[in-house]
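> Below: one structure in structure tokens.
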Amino acid sequence: MAGNQASAGHLLQLIRSGEATTRGELQQATGLSRSTVGHRLDQLFGAGWLRGAAGASTGGRPSARLEFDPTHAVVLVADLETRHGRAAVLDLAGTILAERTGDLVIEDGPDAVLDRLARWFGPLLDEAGVAPDRVCGVGLSVPGPVDWESAQIVQPPIMPGWDRFPVRERVRDAFAEHVGPRSTAGPLPVFVDNDANLMALGEQRENHPDCGAFVLVKASTGIGAGVVVGGEVYRGIDGGAGDIGHIRLHDRLDALCMCGSYGCLAAVASGRSIAGQLTAAGVPTTSGSDVRDHLAAGQPDAVRLAREAGQRIGEVLVTVVTLLNPGVLMLGGDLAGTPFLTGVRELLYQRALPRTTAHLSVTISTLGDRAALVGAAAMVIEHLYAPDRADARLAALARGDSVR
């Protein structure tokens, strides 16, 4: 590792990944002298980011093995659906310390939704026994395309009023109003991403860390896919990657989609579409979550329609799987269950080349409703403690600023 790649932030990365967890291993991995390694570790210990894995030895020196201290800060995360939301406090190891679910109607618009969400944050921190100053960042999962750098939602079909709204700034203002001002330096870090992306990240990190090409398809009110390649979320050039719900089906050009086009996959096979079909058949259903309830109860029409939806989505996934050659294709969202999984598998294995599916695992989400929360926490933590960002935060501490 070159000298400029062996900053304190890079040492932290080596420790967090398990590549080097003692002073000697850090010297060997970086080529730095013992004194330089010691100085940079002092920075990390001074920030409260490291601890001795086996406790302190005599003389107060850190123990031989080093580890990242996941208790020195927390993240606040939220997953916004069309009609409800889920929020949680997690430590830096991804452990949920407090959680809440409640009604949040996305069509009420960003001001109302984000204000109500921020009102949940204070009680959640109280429940977790955590002071507001220990919040190092906020992560938000939303059901629409996101420009990740600006944290703005771009032309979302099912989020009226959210297009290019300054979500990051509104969350900061609402946090200050309902939780309180922070004494730490700089504005509160706020990150926003598409729900399928964050579900994919959460599931890949938690259950398939060695999978180099991972795809998650979320089928709820809408349909979207999250892709993790080489350990990184693939977002495309402006956040539009994975928006498979708006691929057009040549034989259903009569189906009007929420985006205004005809023939979109989401107009035919989403939870919203199934809800409409069930209602027309005399089974009142208003949303994808209602469809999930019908499926859980074994309602015959819901079971049939979920399997058919799986087949239609499977048609599109043949191309996705052929292009990306993933090791895992995971199904999540309100429709995820045996009928839907069966439909996907039927079309996928029928139409894809055997070589494409020979090493493919097609499965259902294991984290369920918490997948996006876990992914949102990973998004925040991995950004804030990446080498360059960690070095910038350590520099702020050296200037006397207070950072988490």
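> As an exercise: evaluate Thr286 against (1) β-branched (Val, Ile, Thr); (2) in a helix (DSSP H, G or I); (3) open to solvent by 70 Å² or more (accessible area, probe 1.4 Å) and give the number of the one condition it does not meet.
So Thr286 meets the others, but not (2).
> How many residues, within region 8-22, are in a helix (DSSP H, G or I) and open to solvent by 20 Å² or more (accessible area, probe 1.4 Å)?
Matching residues across region 8-22 total 4.
> Does region 376-397 hold any residues that are touching a residue at least 60 places away in the same chain (Cβ under 8 Å) and open to solvent by 40 Å² or more (accessible area, probe 1.4 Å), and which are they? Spell out the reasoning first.
If we filter region 376-397 for residues that are touching a residue at least 60 places away in the same chain (Cβ under 8 Å), which is where we start, we get 376-381, 383-391, 393-394, 396-397.
Listed by number, the residues that qualify are His383, Asp388, Arg389, Asp391, Leu397.
> Now a separate question. Going by what's in this entry, would Leu373 be described as under 21 Å from Ile15 (Cα atoms), within 16 Å of the chain's Cα centre (by Cα), in contact (Cβ under 8 Å) with a residue 24 or more places away in the chain and crowded, with 18+ Cβ neighbours inside 10 Å?
Here the answer is no, as Leu373 does not meet what is asked.
> I'm checking my understanding of the structure. Among residues of region 152-173 that are of a type in the set (D, E, K, R) and closer than 20 Å to Arg235 by Cβ, which one is least open to solvent (accessible area, probe 1.4 Å)?
Arg168
> Report, by residue number, each residue of region 113-137 that is of a type in the set (Val, Ile, Thr) and under 16 Å from Leu97 (Cβ atoms).
Result: Val130, Val135.
> List, please: which pairs have Cβ atoms under 6 Å, are six or more places apart or on different chains, and start with a residue in region 62-84 that is under 18 Å from Arg119 (Cβ atoms) and at pLDDT below 95 and end with one that is surrounded by fewer than 22 Cβ atoms within 10 Å (Cβ to Cβ) and among the charged types (D, E, K, R)?
That search, which allows pairs on different chains as well, returns His84/Asp103.
> Within region 154-172, how many residues turn out to be assigned to a loop (DSSP other than H, G, I, E, B) and charged (D, E, K, R)? Quick ask: steps written out before the conclusion?
Initially, region 154-172 is screened for residues assigned to a loop (DSSP other than H, G, I, E, B), giving 154-162, 164-166.
Then drop every residue that is not charged (D, E, K, R), which leaves 164.
Adding up the residues that qualify gives 1.
> Could you please let me know if Leu278 is part of a helix (DSSP H, G or I) and open to solvent by less than 10 Å² (accessible area, probe 1.4 Å)? Steps first, please.
Working: part of a helix (DSSP H, G or I): yes; open to solvent by less than 10 Å² (accessible area, probe 1.4 Å): yes.
Taking the combined requirement at face value, the residue satisfies it.
Results for (1) within 26 Å of the chain's Cα centre (by Cα); (2) modelled with pLDDT under 95; (3) within 24 Å of Glu81 (Cα to Cα), shown as yes or no for each residue.
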position: Ser289; (1), (2), (3): yes, yes, yes
position: Leu295; (1), (2), (3): yes, no, yes
position: Pro300; (1), (2), (3): no, no, no
position: Val303; (1), (2), (3): no, no, yes
position: Gly314; (1), (2), (3): yes, no, yes
position: Val320; (1), (2), (3): yes, no, no
position: Leu323; (1), (2), (3): yes, no, no
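> Wholly within region 23-127, which strands (runs of 3 or more DSSP E) include no fewer than the required count, namely at least 2 residues that are open to solvent by 70 Å² or more (accessible area, probe 1.4 Å)?
96-103
> So Gly332 clears everything in (1) under 29 Å from His208 (Cα atoms); (2) surrounded by fewer than 23 Cβ atoms within 10 Å (Cβ to Cβ); (3) under 23 Å from the mean Cα position of the chain (by Cα) except one condition, right? Which one?
The single condition Gly332 does not satisfy is (2).
> Now for a different question. Over 22 Å from Pro181 (Cβ atoms) and basic (Lys, Arg) - does that describe any residue in region 96-105?
Within region 96-105, one or more residues are over 22 Å from Pro181 (Cβ atoms) and basic (Lys, Arg).
> Also, I was wondering about something else. Within region 261-275, track down each residue that is in contact (Cβ under 8 Å) with a residue 40 or more places away in the chain and open to solvent by 40 Å² or more (accessible area, probe 1.4 Å). Even if it seems obvious, please write down each step before you answer.
Let us first name the residues in region 261-275 that are in contact (Cβ under 8 Å) with a residue 40 or more places away in the chain, namely 265-266, 268-272, 274.
Scanning region 261-275 gives a single hit, Arg272.
> Let me ask another. In region 355-404, how many residues are aliphatic (A, V, I, L, M) and part of a loop (DSSP other than H, G, I, E, B)?
5
The values are calculated or read from the model by the stated rules, or taken from the named source; none is laboratory data. Quick caveat: nothing in here was measured; it's all calculated off a predicted structure. Neighbour counts are summed over all protein chains in view; Cβ atoms, including those assigned to glycine, are modelled from backbone coordinates with ideal geometry. In case anyone asks, the SASA skips ligands and DNA or RNA and just uses the protein heavy atoms, side chains included. Shrake-Rupley method; radii C 1.70, N 1.55, O 1.52, S 1.80 Å.
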